[in-house]
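Only one structure is covered here, and it is reproduced in the block below.
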Amino acid sequence: EEQEEDVLRELRLFLRNVTERLALDRRFKAFTKPVDIEEVPDYLIVIRKPMDLSTLLTNIDEHKYVTVSEFMSDADLIWQNALEYNPDSDPMDRHIRHRACALKDTVRAIIRDELDEDFDRVCEEIKESR
Ligand SMILES: COC(=O)N1C[C@@H]2C[C@@H]3O[C@]2(Cc2nccnc23)C1
């Protein structure tokens, strides 16, 4: 009903705000757009489900997420994919893995500090009711 749409609108505002703050952080520049398959032709062979911050924003606008947990599953793909595709000991791989770990920790810290658990519970109830 209308109250549920009000809750999901507030969820989208929260998720956009979090995602836009991450996209503004210079450490996360490599995660702002999809990896360029023309530049990196084997990327889709290694990584089954690419994800990036611009795609998160598109998903939010397409009402893909009813809970923060669903959003987190896609957000986690960004750093998980980076750890998987860049496993070597060379400085470039280590650099992007360091940034992937920073992304993981930053997302979790924002959610822990800024997501109201009662609001999250209401979203989870809406999800279960559908
Ligand atoms: C999230 O970003 C990544 O996982 N990557 C991996 C790719 C390998 C390396 O860095 C990336 C882009 C790139 N383009 C051209 C040549 N080499 C590279 C970014």
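Some observations on this one:
- When the test is whether a residue is surrounded by 15 or more Cβ atoms within 10 Å (Cβ to Cβ) and among the hydrophobic types (A, V, I, L, M, F, W, C), Phe119 does not pass it.
- Segment 1-40, subset within 19 Å of Ala100 (Cβ to Cβ) and not in a helix (DSSP H, G or I), residue farthest from the ligand (Cβ to nearest atom): Asp25
- Failed criterion for Leu53 (all others in (1) without any contact (Cβ under 8 Å) to a residue 12 or more places away in the chain; (2) under 24 Å from Lys127 (Cβ atoms) hold): (1)
- Considering residues of segment 74-91 that are more than 11 Å from the ligand (Cβ to nearest atom) and surrounded by 14 or more Cβ atoms within 10 Å (Cβ to Cβ) only, the residue nearest to the chain's Cα centre (by Cα): Ala75
- Segment 82-123, subset polar (S, T, N, Q) and free of Cβ contacts under 8 Å to residues at least 40 places away in the same chain, residue nearest to Asp42 (Cα to Cα): Asn86
Laboratory data are not the source of any read-out in this text; all were calculated from the coordinates shown. It should be emphasised that the depicted structure is a prediction, and the values quoted were computed from it without experimental measurement. Ideal geometry is used to build each Cβ from the backbone, glycine not excepted, and the neighbour counts take in all protein chains shown.
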